[in-house]
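First comes the structure, then the notes that go with it.
The values are calculated or read from the model by the stated rules, or taken from the named source; none is laboratory data. Everything numeric in this text was worked out from a predicted model, so none of it was measured. Every residue, glycine as well, gets a Cβ built from its backbone with ideal geometry; the counts of neighbours run over all protein chains shown. Only protein heavy atoms, including side chains, enter the accessible area calculation; ligands, DNA and RNA are left aside. Shrake-Rupley method; radii C 1.70, N 1.55, O 1.52, S 1.80 Å.
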2 protein chains.
Amino acid sequence: MPNDNAVIAPQDCADCPIRHRAVCARCEADELDALEQIKYYRSFEAGQTVVWAGDRMDFVGSVVSGIATLTQAMEDGRTQMVGLLLPSDFVGRPGRDGAAYDVVATTDLVMCCFRKQPFEKMMVSTPHISHRLLEMTLDELDAAREWMLVLGRKTAREKIASLLSIVARRDATLKLDTVDGPLVFDLPLTREAMADYLGLTLETVSRQISALKRDGVIHLEGKRHVTVPDFSRLMEEAGDDSDGGMLA
Amino acid sequence: MPNDNAVIAPQDCADCPIRHRAVCARCEADELDALEQIKYYRSFEAGQTVVWAGDRMDFVGSVVSGIATLTQAMEDGRTQMVGLLLPSDFVGRPGRDGAAYDVVATTDLVMCCFRKQPFEKMMVSTPHISHRLLEMTLDELDAAREWMLVLGRKTAREKIASLLSIVARRDATLKLDTVDGPLVFDLPLTREAMADYLGLTLETVSRQISALKRDGVIHLEGKRHVTVPDFSRLMEEAGDDSDGGMLA
DNA sequence: CGTTGGGTTGAGCGCTCTCAAGTATTGTGG
DNA sequence: CCACAATACTTGAGAGCGCTCAACCCAACG
């Protein structure tokens, strides 16, 4: 069990890759200094569980790099992913002791954590933090509601196309890519994780990915490396109107 | 078209039925006075649309009485309900011009509205408001994620039982009922609206309600009046563990 | 090499959808 | 008061999509 929950060396907030998108985005220099006092980094290996649902959670924090998932499970084992946490996304809920969901690192993961008590105090004294958190929470709520449409009403093929277009879009914004050319990216999730996100079985995920490949909507190299020659085609397959969501 | 979007007589916040649960819950007397300056009431009849997705929305507000729904539609007509708005729930998003979803009154509805500009100014100057809004938004996000499990992983029968237990629970807390005895309530939704909430067809909703009735999980008088003789039985049918959520 | 984890593909089944007919209730006009 | 329509709901029959179960492929790794 190497390097478990490793605490890594502190880093200057000014150099932080998520400085202008995370919960601290709106903070002034002096506010950042205060945050810097209570922050610490933790890193996790792909596959590690960050927190278990129901466990006490004495910190909150931001994803700095890597990807984590929020999942919910029924007693009989059925599992639904309820959140995909990307760099700058916030983990934990101020004002609550226990974690509501399992948080799992699906890739190697670095988090910038704050002990909960001091963070909650800072929220009261620092409107920049709580306003930014409100804004981020409203965005997450919108994303969750978008996803409810996917889960409730889309076909398996549309679900896969929806997931691919979300990952493609995120990747494009990270890389500041132009939207026109072919998009190329790696799937950050296993077939099983995709199934848990989409409310499908992994076999159905595999079949529909094969079908999209057969129909030329995507190209695959290996299992994870995806090329999307025509993004608007993918959007059609997702059942969204062709250019609705590229702005944001 | 009688009484369309009627503006009704102002009411004192002190007497407001949602005074201690809405976005104003944490406000002091002087803050309430300020809110009172910018508030106005609007009422809607069952079936009326409050706002259309994409339309400019120049107000935000709280549901005072009645029930509204948030729904999202695809071009081909498939529809997914993404929110069920009960008294004290908040409508609208500060910092955004357009409505993201259709808001429809499913029963007669009274809303306490605030013009958006003044409300946004008050949010900045009144932490009690933005903190309460953050708290409510986090609760809604949790509810949305719970619902993702229902949509993604539950069977039709479990979906119906989940909806019934949510309505029953809400009704019990409103009436401050004891939890033990049989629960009695009216369904606030048509079969079609239930179908849109659950990601089912209305026929499947009807069949599963009949099945739960046949199996003695519920009793029906007419189409809408429901009696639940044994709540824990209903929870089992919903696939939740028997007593997880009664506290909150 | 054998093992393991992730992925693909096939065959058959069943849950939910689609299409369709029928019931109950309410409101409307003659 | 009745005929009629409209709305909400129920129930049936058949079809299809996605699930289950199972075999198999492939790359990484010891």
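General remarks:
- Residues that are part of a strand (DSSP E or B) and open to solvent by less than 10 Å² (accessible area, probe 1.4 Å), drawn from the range B:83-105: B:Gly83, B:Leu85, B:Val91, B:Val103, B:Ala105
- Verdict on B:Val205 being within 16 Å of DNA strand C (Cβ to nearest atom) and open to solvent by less than 30 Å² (accessible area, probe 1.4 Å): yes
- Scoring A:Gln72 on the criteria (1) closer than 30 Å to B:Arg96 by Cα; (2) in contact with a strand residue (DSSP E or B) (Cβ under 6 Å, 6 or more places away or on another chain); (3) at the interface with another protein chain (Cβ under 10 Å from one of its Cβ atoms); (4) polar (S, T, N, Q) leaves a single failure, condition (1).
- Residue within the range B:214-229 that is over 19 Å from B:Val184 (Cβ atoms), within 14 Å of another protein chain (Cβ to nearest Cβ) and in a helix (DSSP H, G or I) present: no
- Where a residue in the range A:196-208 is closer than 21 Å to A:Tyr101 by Cα and its partner, wherever it lies, is in a loop (DSSP other than H, G, I, E, B) and near DNA strand C (Cβ under 9 Å from one of its atoms), with Cβ under 9 Å and at least six apart: A:Asp196/A:Leu189; A:Tyr197/A:Leu189
- The requirement of being away from DNA strand C (no atom under 16 Å from the Cβ), open to solvent by 40 Å² or more (accessible area, probe 1.4 Å), in contact with a Cys (Cβ under 7 Å, 6 or more places away or on another chain) and in contact (Cβ under 8 Å) with a residue 12 or more places away in the chain is not satisfied by A:Glu28.
- Residue satisfying all of: in the range A:137-155; more than 7 Å from every other protein chain (Cβ to nearest Cβ) and assigned to a helix (DSSP H, G or I); farthest from the chain's Cα centre (by Cα) among these: A:Val150
- Checked against (1) within 18 Å of the chain's Cα centre (by Cα); (2) away from DNA strand C (no atom under 13 Å from the Cβ), A:Thr190 passes all but a single condition, namely (2).
- Given (1) among the charged types (D, E, K, R); (2) closer than 20 Å to B:Leu141 by Cβ; (3) more than 8 Å from every other protein chain (Cβ to nearest Cβ), number of the condition A:Arg115 does not satisfy: (2)
- Condition met for A:Lys175 (farther than 27 Å from B:Gly92 by Cα, of a type in the set (D, E, K, R) and within 13 Å of another protein chain (Cβ to nearest Cβ)): no
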